[in-house]
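Structure first, commentary second.
Nothing in this text is a laboratory measurement; each read-out follows from the coordinates by a stated rule. Because the structure is a prediction, the values reported are computed rather than measured. Don't worry about glycine lacking a Cβ; one is built from the backbone with ideal geometry, like all the others, and counts go over all protein chains shown.
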Amino acid sequence: MSAPVLITGARPYGGEPTDLLLRDGVIAQIGQVADAPEGAEVIDAAGLVALPGFVDLHTHLREPGGEDAETIATGSEAAALGGFTCVFAMPNTDPVADSAVVVEHVWRRGREVGLVDVHPVGAVTVGLAGARLAELGTMAASPAGVRMFSDDGMCVHDPLIMRRALEYASALDVVIAQHAEDPRLTEGAQAHEGAVAARLGLTGWPATAEETIVARDCALAREAGAALHVCHVSSVHTVAVLRAAKAAGVRVSSEVTPHHLLLTDTLLTSYDPVNKVNPPLRTAVDTKAMRDALAEGVIDCVATDHAPHPAQVKDCEWAAARPGMLGLQTALSVLVHTMVEPGLLDWRGVARVLSERPAEIAGLADQGRPLEVGELATLTLVDPDAVWTVRGSELASLAANTPYEGMRLPARVVATVLRGRVTARDGKVRT
Ligand code: DOR
Ligand code: ZN
């Protein structure tokens with residue numbers, strides 16, 4: 001068991017300052033603590049906001065097979081430094097996480113590293129090929145206890161396969177997370193289909209490729225009575241579909257990435273492939289729709305889609321560059337910039353979209369819990385007044401493909417605590 005931790009003067013959910021005593025992995029006391037227990041680590045948290053630890057439903061840790069981009073160890077470091085206590089590792093690895101053997105390997109390695117809870121996402125289809133269902137039940141029953149399945153990077157395009165996957169998901173009480181992109185509509189696509197792509201001569205990725213798959217999948221989820229989660233919503237039109245489906249009682253949830261809250265396709269005029277991502281950066285109409293939908297709860301949560309890539313496949317000509325952006329260490333700051341500063345979310349709202357809702361969507365009982373006595377001591381301390389300049393080379397990830405290079409962003413994670421153990425403090429991880 002780790003030593004007790006005394007946090008003094010923190011503001012839970014941005015409220016009144018108080019002390020929190022963490023002991024034996026749980027929150028033992030909230031309120032003024034006169035003396036620190038013997039051997040306790042004391043964290044002076046005057047001015048800091050305390051939130052439940054962040055949960056990322058969409059992280060690419062790249063291991064196995066992509067260890068030149070990221071490993072479970074380096075990705076876990078980036079996560080802990082970014083305030084996360086739990087990440088869901090996407091299965092587009094090599095080998096693909098489409099079997100009990102691979103998901104168990106990822107889960108075990110995550111436990112060995114021990115900085116965050118690493119939950120493997122299982123593939124929906126064998127090899128992400130979209131043709132044959134993977135053994136969802138075997139992965140769900142493995143020690144990794146897979147709760148979420150996705151072919152992320154690829155869309156489960158065949159409607160019959162998607163229908164069967166949702167039927168299994170309903171029976172197994174797990175979630176299908178769809179990368180909504182009709183591949184027939186995005187053949188050769190390089191950028192959001194619109195004025196900027198037209199001017200640059202880049203083949204367009206129409207927003208309807210997302211909207212139509214989400215509409216179809218909501219109908220299939222309704223029929224199967226299954227839980228559908230829509231990954232990285234990017235278009236104003238998709239929001240309308242989600243709103244209608246939720247109103248009709250479909251079990252659908254969704255996420256938005258920090259980059260789709262902030263960045264637009266006007267950045268593409270630089271031709272810098274750091275801005276290439278899938279789904280693509282869209283327009284200011286879309287970023288505004290993402291912010292409003294997140295504030296309203298039509299989009300449930302924020303997920304990073306942290307997608308590290310080494311320079312040789314990212315820092316090259318636009319058409320050849322891989323899509324994807326780093327996200328774990330900048331997520332909170334981008335959320336504060338886009339949602340808290342304009343008054344669209346308060347700190348309770350931040351807790352909801354970065355911790356409580358993602359934990360609920362994935363069916364986790366040990367994350368996203370309230371900051372209350374007797375609950376697990378899994379929390380994040382944030383300095384709301386900090387301002388920092390993003391430098392890719394200083395991030396913990398092996399890769400450096402951050403689209404925020406040189407940007408000054410508000411708010412910083414000061415400490416992260418997982419079940420009473422400090423995993424990161426003052427920009428350093430504790431292994
Ligand atoms: O930009 C992206 N990168 N979108 C995806 O769907 C996959 C991801 C990756 O794995 O790099
Ligand atoms: Zn995706």
Mind checking the full-extension length gain between residue 129 and residue 375? Use 0.36 nm per residue of separation minus the Cα-Cα distance, one decimal, nm. 84.4 nm
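Assign unit charges at the C-beta atoms only (+1 for Lys and Arg, -1 for Asp and Glu), then state the dipole size of the range 1-155 relative to its Cα centre in Debye, rounded to the nearest 20.
Numbers: 8 positive and 21 negative charges, 78 e Å.
With Lys and Arg at +1 and Asp and Glu at -1, about 380 debye.
If a/c stays under 1.5 just call it rounded; otherwise compare a/b with b/c (prolate if a/b is bigger, oblate if not). Do that for the range 72-211, with a ≥ b ≥ c from the square roots of the Cα gyration tensor eigenvalues.
Details: a/c = 2.56, a/b = 1.39, b/c = 1.84.
Oblate, since a/c reaches 1.5 and b/c is not below a/b.
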Taking loop as defined by DSSP and a crowding limit of 16 other beta carbons within 10 Å, which GluC sites (Glu not before Pro) in the range 335-380 fit? 372, 375
With label points built 7 Å along Cα→Cβ from the Cα atoms of residue 219 and residue 42, find their separation and express it in nm. 6.5
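Using a 10 Å cut-off around each Cβ, can you sort 151, 68, 286 from fewest to most neighbouring Cβ atoms?
On the way: 151 30, 68 15, 286 25.
Ascending Cβ contact count within 10 Å gives the list 68, 286, 151.
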P(r) of the chain in 10 Å steps, Cα pairs, percent per bin? 5, 23, 33, 26, 10, 2, 0
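For the ranges 312-321, 159-168, what's the packing order if you count other beta-carbon atoms within 10 Å of each residue, average per peptide, and put the highest first?
Values: 312-321: 13.7, 159-168: 18.9.
Top of the packing list down: 159-168, 312-321.
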Given only helices, namely DSSP H runs of n ≥ 4 each adding -39500 (n - 2.57), what is the per-residue ellipticity at 222 nm of the chain, to the nearest 500 deg cm²/dmol? -7500 deg cm²/dmol
What is the Cα centroid distance between the range 151-208 and the range 239-275, reported in whole angstrom? 13
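If r is the Cβ-Cβ distance from residue 431 to residue 195 and R0 is 35 Å, what FRET efficiency results, to the nearest 0.05? Don't skip to the end; give the middle numbers.
Values: r = 48 Å, r/R0 = 1.38.
Here the calculated transfer efficiency is 0.15.
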Using +1 on the beta carbon of Lys and Arg, -1 on that of Asp and Glu, and nothing else charged, what's the dipole of the chain about the Cα centre, debye to 20? 340
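Please pull out the direction-averaged projected area of the range 24-130, using the convex hull of its alpha-carbon atoms, in nm² to one decimal place. Mind showing how you got there, number by number?
Details: hull surface 35.7 nm².
Spelled out: convex hull of the Cα atoms, projected over all directions, averaged, 8.9 nm².
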Protection proxy ranking, peptides 117-125, 329-337, average beta carbon neighbours within 10 Å, highest first: 117-125, 329-337
In the chain the DSSP beta bridges are antiparallel at a rate, in percent to nearest 5, of 45
Just need the relative contact order of the range 139-263 here, percent rounded to a whole number, with Cα pairs under 8 Å and 6+ apart. 23
Given springs between every Cα pair under 10 Å in a Gaussian network model of the chain, which of 349, 15, 39 has the largest fluctuation? 39
Within straight cross-link reach of residue 276, meaning Cα distance under 30 Å, which lysines are found once same-chain residues fewer than 8 apart are removed? 288, 314, 428
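Expected output is a single nm value to one decimal: the length gained when fully extending between residue 313 and residue 3, i.e. 0.36 nm times separation in residues minus the C-alpha distance. What is it?
Values: separation 310, 0.36 × 310 = 111.60 nm, distance 4.40 nm.
So the chain would gain 107.2 nm between residue 313 and residue 3.
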Compute a Gaussian network model of the chain, connecting alpha carbons closer than 10 Å, and tell me which residue from 201, 47, 110 fluctuates the most. 201
